[in-house]
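**Student:** Before anything else, here's the structure in question.
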Amino acid sequence: TLVRSVDFVAGAVSMETLPTRMLPEVCFIGRSNVGKSSLLNMVCNRKDLAYVSKRPGKTQQFNYFLVNDKTKSAFYMVDVPGVGYAKVPLAEKSKWASFFESYLAQRSSLKVVFHLIDSRHGPLAQDLMTMEAMRASLRPGVQYVIILTKADKKDGKVSPSLKQQVADALDAHQLKETTPVLVTSAVNRLGRDEVWRYLRLAVIK
Ligand code: GDP
């Protein structure tokens, strides 16, 4: 699929500040350093998407990228920072978590949630929190997809035991049957077509 344009259009910090122009959207969630920017660049064939702040310790926002504006297949890609993982005060974290849960439950244009997990580490405590948020809050009909990143560091193969850990974590949240697990590398572009297979759910009206 051709990405003709991709523009940073908004940063949202609450339900009230989400873009009001409704287009289908997909979001990418994952801990910082999981490889999210690299994956977004790979998917869009870009080198450096116009990123605003990536400062650690700062309260981060949902970053909205508008893909293929002024075409029939325009959609948003939303970069969601790891919820509650940033070094921010507890009150800030719970505000963030409730925004995220409201977003999962209420954003009617949301089509796909991609959850990035580092293939070297497997699901960490934060990832289990994210799965729990999916189980508890994700609107029915929204596709949830796990992406295991940086597979080149494992020679392109994710170990069976790590895959099992992911399957077990999904199973513990009643998500196993419905959640595909993709393997990617931004270094050698592994998995790009599989990611697009699910991105297309947002493109096709
Ligand atoms: P973000 O914080 O989740 O946006 O992560 P970045 O995309 O900035 O990546 C964090 C670090 O991991 C950087 O040093 C990247 O070069 C590296 N990285 C990201 N994706 C890959 C990958 O697929 N393979 C390898 N080997 N390194 C990666």
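Throughout, read-outs are computed from the coordinates displayed, never taken from laboratory work. Treat the numbers as computed from the prediction; the structure is a model and nothing was measured. All Cβ positions, glycine included, derive from the backbone under ideal geometry; neighbour counts span all protein chains shown.
**Student:** Going down the table (LYS47/LYS150; LYS47/LYS153; LYS95/LYS150; LYS36/LYS111), which pairs top 23 Å between alpha carbons?
**Tutor:** LYS95/LYS150
**Student:** LYS70: which aspartates and glutamates have alpha carbons under 16 Å from its alpha carbon, excluding same-chain residues fewer than 8 sequence positions away?
**Tutor:** Those aspartates and glutamates meeting the cut-off are ASP7, GLU25.
**Student:** Let me ask something else. Could you order peptides 19-31, 112-124, 163-175 by the average number of other Cβ atoms within 10 Å of their residues, highest first?
**Tutor:** The densest-packed peptide leads the list: 112-124, 19-31, 163-175.
**Student:** In addition: What aspartates and glutamates sit close enough to LYS163 to cross-link, taking a C-alpha to C-alpha distance under 16 Å and skipping anything fewer than 8 places away on the same chain?
**Tutor:** ASP118, ASP127, ASP152, ASP155, ASP171, GLU177
**Student:** Using the charge dipole of the chain (Lys, Arg: +1 at Cβ; Asp, Glu: -1 at Cβ; taken about the Cα centre), state which of PHE75, THR179, ILE117 has its Cα farthest towards the positive end.
**Tutor:** Checking the options against the dipole of the chain, the answer is PHE75.
**Student:** Membrane-span-like helices in the chain: DSSP H runs reaching 20 Å or more (Cα, own axis), mean Kyte hydropathy at least -1.0?
**Tutor:** 90-106
**Student:** Further question on the same structure: Mind checking the alpha-carbon convex hull of the chain and giving the volume per residue in Å³?
**Tutor:** Looking at the chain, the number lands at 113 Å³ per residue.
**Student:** How high is the relative contact order of segment 113-205, in percent, with contacts defined as C-alpha pairs under 8 Å that are six or more residues apart? Walk me through the intermediate numbers first.
**Tutor:** Values: 105 pairs, mean separation 29.7, N = 93.
It comes to 32 percent, rounded to a whole number.
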